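Engineer: What follows is a structure written as structure tokens; I'll ask about it next.
The values are calculated or read from the model by the stated rules, or taken from the named source; none is laboratory data. What you see is a predicted model, and the numbers here were worked out from it, not measured in a lab. Note: ideal-geometry Cβ built from the backbone for every residue, glycine included; neighbour counts use all protein chains shown.
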Amino acid sequence: MRILALADIHGHIKKIPLLADAAKECDVILLAGDITDFGSREQARSVLAALNTLAKPVLGVTGNCDPPEVDDVLRQQGVCLSDHPAEINGILFVGLPCPASQESIESIKEYLAAHPSKSFVLLSHQPTEGTAVDLQGGSRHKGSQFIRSFIEEYQPLAAVSGHIHEARDTDQLGDTLLVNPGPFRNDCYAVIDIQAESVQAKLHLL
């Protein structure tokens, strides 16, 4: 399984075609929120239309800069991971809304209880609290404790997030690889490889 991970697009779509070569080698594209910059349905549709030219499945969650209309567009196009988990090549993908809440965490737990043997990847806009991927200003951790507690208990293969632009990095929490690909509006993305016995990520610039 190879994942093309994007975060914080903020409506910047002109460089999406430059992802074509990376996308060819990937099985799915994950969008970790802030698809728009407080934008409209039309802006959200434009971003998804540009990504659809890469001819790979797209799964996403919204971020704090995405108004409710963006959630509506994701639902209409069947890519809203916080509403409906998806399975690709034997791996589950589950997502959290922004902000993550105890209720949204419990919903994922119920889903996983019905699929106990499945390996899974977590997608959220908020990063994991107290890690390299949530560090703002070099000293302040701005991530979610809800997400951290969930990861510590359930140990997904990987957890992909965004939100803190300067925290473009990877980290490890138990057996879970944490990935913040950095803001795509600044040409950042990540490729995550999931093999039988390893999960690795590489951070890239266009």
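Engineer: Tell me whether the range 158-171 contains one or more residues that are within 29 Å of F38 (Cβ to Cβ) and either at pLDDT below 95 or loosely packed, with under 15 Cβ neighbours inside 10 Å (or both).
Structural biologist: Yes, the range 158-171 contains a residue that is within 29 Å of F38 (Cβ to Cβ) and either at pLDDT below 95 or loosely packed, with under 15 Cβ neighbours inside 10 Å (or both).
Matching residues to (1) of a type in the set (S, T, N, Q); (2) over 22 Å from C26 (Cβ atoms):
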| position | (1), (2) |
| --- | --- |
| G138 | no, yes |
| P156 | no, no |
| A167 | no, yes |
| G174 | no, yes |
| L177 | no, no |
| N180 | yes, no |
| C188 | no, no |
| S198 | yes, no |
| L206 | no, no |
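Engineer: Shifting gears a bit: Taking the range 79-101 as the region of interest, how many residues are within 12 Å of the chain's Cα centre (by Cα) and surrounded by fewer than 16 Cβ atoms within 10 Å (Cβ to Cβ)?
Structural biologist: Qualifying residue count for the region: 0.
Engineer: Mind telling me which of the residues A49, A32, A22 ends up being small (G, A, S), surrounded by fewer than 22 Cβ atoms within 10 Å (Cβ to Cβ) and in contact (Cβ under 8 Å) with a residue 60 or more places away in the chain?
Structural biologist: A22
Engineer: Can you tell me which residue is surrounded by the fewest Cβ atoms within 10 Å (Cβ to Cβ) among those in the range 57-73 that are under 21 Å from P156 (Cβ atoms) and out of contact with any Ser or Thr (no Cβ under 6 Å at 6 or more places or on another chain)?
Structural biologist: Only one residue fits best here, namely P57.
Engineer: In this structure, is I151 in contact (Cβ under 8 Å) with a residue 60 or more places away in the chain and surrounded by fewer than 24 Cβ atoms within 10 Å (Cβ to Cβ)?
Structural biologist: no
Engineer: Mind checking whether some residue in the range 132-145 is within 18 Å of the chain's Cα centre (by Cα), farther than 24 Å from R168 by Cβ, hydrophobic (A, V, I, L, M, F, W, C) and surrounded by fewer than 22 Cβ atoms within 10 Å (Cβ to Cβ)?
Structural biologist: no
Engineer: Taking the conditions exactly as written (closer than 17 Å to I3 by Cα, of a type in the set (D, E), in contact with a Leu (Cβ under 9 Å, 6 or more places away or on another chain) and touching a residue at least 12 places away in the same chain (Cβ under 8 Å)), does D169 satisfy them or not?
Structural biologist: Against the criterion (closer than 17 Å to I3 by Cα, of a type in the set (D, E), in contact with a Leu (Cβ under 9 Å, 6 or more places away or on another chain) and touching a residue at least 12 places away in the same chain (Cβ under 8 Å)), D169 qualifies.
Engineer: Consider S104 carefully, then state whether it is surrounded by 17 or more Cβ atoms within 10 Å (Cβ to Cβ), within 15 Å of D34 (Cβ to Cβ) and small (G, A, S).
Structural biologist: So S104 does not fit the description; no.
Engineer: Condition (residue is of a type in the set (D, E, K, R), at pLDDT below 95 and either closer than 30 Å to A49 by Cα or touching a helix residue (DSSP H, G or I) at 6+ places or on another chain (Cβ under 9 Å) (or both)) applied to the range 115-130: is it met by at least one residue?
Structural biologist: Yes, the range 115-130 contains a residue that is of a type in the set (D, E, K, R), at pLDDT below 95 and either closer than 30 Å to A49 by Cα or touching a helix residue (DSSP H, G or I) at 6+ places or on another chain (Cβ under 9 Å) (or both).
Listed here are the residues, each with its yes/no results for (1) aliphatic (A, V, I, L, M); (2) in contact with a Lys or Arg (Cβ under 9 Å, 6 or more places away or on another chain); (3) more than 28 Å from D193 (Cβ to Cβ).
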{"position": "Q43", "(1), (2), (3)": "no, no, yes"}
{"position": "P57", "(1), (2), (3)": "no, no, no"}
{"position": "H115", "(1), (2), (3)": "no, no, no"}
{"position": "F120", "(1), (2), (3)": "no, no, no"}
{"position": "T128", "(1), (2), (3)": "no, yes, no"}
